[in-house]
Amino acid sequence: MSDEKLVGIVLVSHSAAVAASVAELAVGLAGGGTTAAVAPAGGVEGGGLGTSAELISAAAASVDRGAGVAVLTDLGSAVLTVKTLLAEGDELPAHTRLVDAPFVEGAVAAVVTASSGADLAAVEAAASEAYTYRKV
Amino acid sequence: MLDADFFRRWMTATAASVDRETERLTALDSPIGDADHGSNLQRGFTAVTATLEKEAPGTPGAVLMLAGRQLISTVGGASGPLYGTLLRRTGKALGDAAEVSEDQFTDALRTGVDAVMQLGGAAPGDKTMIDALVPAVAALGESFAAARAAAEEGALATTPLQARKGRASYLGERSIGHQDPGATSSALLIAALEEAAGE
């Protein structure tokens, strides 16, 4: 299992603390065994709130195992920056996808699904499906 | 004809203008945004002028592509990918010609504005930078001065609108009565064309 190519997950938030905490939560809930690589890309260099194209590119490169990378974002500039990097073509690993999903619930679904060895389409579907879980 | 020097002057003039207006842009972004538009753009355009000086790209397209890349990398807020896409798509549309006509530039800028609309999903009337850029492109065929006037008028006309995109849209009707900071900075970008042309 250790050399299995799992889909990587990047979590982009305006806040470094939010991105890191959601990553920790998702990995924690994914349980034991092999866990897909997860990298937070939160805030801007220097620690302020915002979105850093460099941190996103570096995070995506760090989780790329050749099976694709699913990127989840919070809002505003996080979404626009990822879309822009994807449009550039060579800024993110091949088979990187911006996944339309709620940030926390989507991250947990994505990491659990990716850790099971699922492909990028299945990871995307699981994360997007998190939108349908009503709470009341 | 417009050469690479013209486009470098455009970026330098925009940077100087953003520098002068940083506090005003941030003040506009304070009631309806997250109060960082001025400082974000100032950081971005400072990086643009520094990079253009160091790398000295030789064609209009290359100047705008490099400037856009810097904005995407350094701004940190939504204006980074939006202005970055505007300049990169405009630059890409200009290709690698050493000089371009004003008509070619107008067509290329229209391509850039279309790309921004696609990226952000905003249309005219949503209280965004598009409300300054669309009338500016329409007037650009006439003169830089006309484009400047159209962009400034478009920015002022965002005041009574309700925001439908971005952070301000969360405020609903409370966004009414405030001039949009993105439309205001777009008017600075367009006004800098006239300055670059020495008109």
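So the values come out like this:
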{"read-out": "Flag if A:A19 is in contact with a Leu (Cβ under 9 Å, 6 or more places away or on another chain), under 27 Å from B:R69 (Cα atoms), assigned to a helix (DSSP H, G or I) and open to solvent by less than 30 Å² (accessible area, probe 1.4 Å)", "value": "yes"}
{"read-out": "B:L87 surrounded by 19 or more Cβ atoms within 10 Å (Cβ to Cβ), hydrophobic (A, V, I, L, M, F, W, C) and modelled with pLDDT of 95 or more", "value": "yes"}
{"read-out": "Top-ranked residue of segment A:98-127 - restricted to ones that are outside any helix (DSSP H, G or I), more than 13 Å from A:A36 (Cβ to Cβ) and out of contact with any strand residue (DSSP E or B) (no Cβ under 6 Å at 6 or more places or on another chain), ranked as nearest to the other protein chains (Cβ to nearest Cβ)", "value": "A:D100"}
{"read-out": "Enumeration of residues in segment A:22-33 that are open to solvent by less than 50 Å² (accessible area, probe 1.4 Å) and farther than 21 Å from A:I56 by Cβ", "value": "A:A30, A:G31"}
{"read-out": "Residues being open to solvent by less than 40 Å² (accessible area, probe 1.4 Å) and part of a helix (DSSP H, G or I) - total across segment B:172-199", "value": "17"}
{"read-out": "Enumeration of residues in segment B:1-27 that are more than 15 Å from the chain's Cα centre (by Cα), surrounded by fewer than 18 Cβ atoms within 10 Å (Cβ to Cβ) and farther than 17 Å from B:V63 by Cβ", "value": "B:R20, B:E23, B:R24, B:A27"}
{"read-out": "Sole exception among (1) more than 23 Å from B:Q70 (Cβ to Cβ); (2) at pLDDT 95 or above; (3) open to solvent by 10 Å² or more (accessible area, probe 1.4 Å) for A:T73, by number", "value": "(1)"}
{"read-out": "Cross-chain or 6+ apart pairs with Cβ under 7 Å, segment B:31-47 first and within 15 Å of B:M11 (Cβ to Cβ), then assigned to a loop (DSSP other than H, G, I, E, B)", "value": "B:L41/B:V75; B:R43/B:V75; B:G44/B:V75"}
{"read-out": "B:D34 within 14 Å of chain A (Cβ to nearest Cβ) and farther than 18 Å from B:I190 by Cβ", "value": "yes"}
{"read-out": "Check on A:A78, farther than 25 Å from B:R89 by Cβ, of a type in the set (A, V, I, L, M, F, W, C) and in a helix (DSSP H, G or I)", "value": "no"}
{"read-out": "Tally, over segment B:141-156, of residues that are open to solvent by 60 Å² or more (accessible area, probe 1.4 Å) and either hydrophobic (A, V, I, L, M, F, W, C) or touching a residue at least 60 places away in the same chain (Cβ under 8 Å) (or both)", "value": "1"}
{"read-out": "Segment B:69-84: number of residues that are at the interface with chain A (Cβ under 7 Å from one of its Cβ atoms), touching a Leu at 6+ places or on another chain (Cβ under 7 Å) and open to solvent by 10 Å² or more (accessible area, probe 1.4 Å)", "value": "2"}
{"read-out": "Qualifying residues in segment A:28-72 (those that are of a type in the set (V, I, T) and in a loop (DSSP other than H, G, I, E, B)) - the one farthest from the other protein chains (Cβ to nearest Cβ)", "value": "A:T34"}
{"read-out": "Failed item, numbered, when A:L49 is tested on (1) open to solvent by 20 Å² or more (accessible area, probe 1.4 Å); (2) touching a Leu at 6+ places or on another chain (Cβ under 6 Å)", "value": "(2)"}
{"read-out": "Residues located in segment A:79-97, provided they are within 9 Å of chain B (Cβ to nearest Cβ) and either among the hydrophobic types (A, V, I, L, M, F, W, C) or farther than 18 Å from A:G8 by Cα (or both)", "value": "A:V79, A:L80, A:T81, A:V82, A:T84, A:L85, A:A87, A:E88"}
{"read-out": "Tally, over segment A:1-16, of residues that are outside any loop (DSSP other than H, G, I, E, B), open to solvent by less than 30 Å² (accessible area, probe 1.4 Å) and either more than 21 Å from A:S116 (Cβ to Cβ) or at pLDDT below 95 (or both)", "value": "2"}
{"read-out": "Pairs with Cβ under 6 Å, 6+ apart, first in segment B:85-101 and away from chain A (no Cβ under 11 Å), second assigned to a strand (DSSP E or B) and open to solvent by 20 Å² or more (accessible area, probe 1.4 Å)", "value": "B:E99/B:D3"}
{"read-out": "Among (1) surrounded by fewer than 22 Cβ atoms within 10 Å (Cβ to Cβ); (2) under 22 Å from B:L71 (Cα atoms), the one test that A:A118 misses", "value": "(2)"}
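Yes/no matrix, rows are residues, columns are (1) within 14 Å of another protein chain (Cβ to nearest Cβ); (2) closer than 19 Å to B:T26 by Cα; (3) modelled with pLDDT under 95:
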| site | (1), (2), (3) |
| --- | --- |
| B:L156 | no, yes, no |
| B:A163 | yes, yes, no |
| B:D180 | no, yes, no |
| B:T184 | no, yes, no |
| B:L188 | no, yes, no |
| B:G198 | no, no, yes |
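The values are calculated or read from the model by the stated rules, or taken from the named source; none is laboratory data. Computed from a predicted model, the values in this text were never measured in an experiment. So basically every Cβ, Gly included, is an ideal-geometry build from the backbone, and we count neighbours across all protein chains shown. Surface accessibility is based on the protein's heavy atoms, side chains included, excluding ligands, DNA and RNA. Shrake-Rupley method; radii C 1.70, N 1.55, O 1.52, S 1.80 Å.
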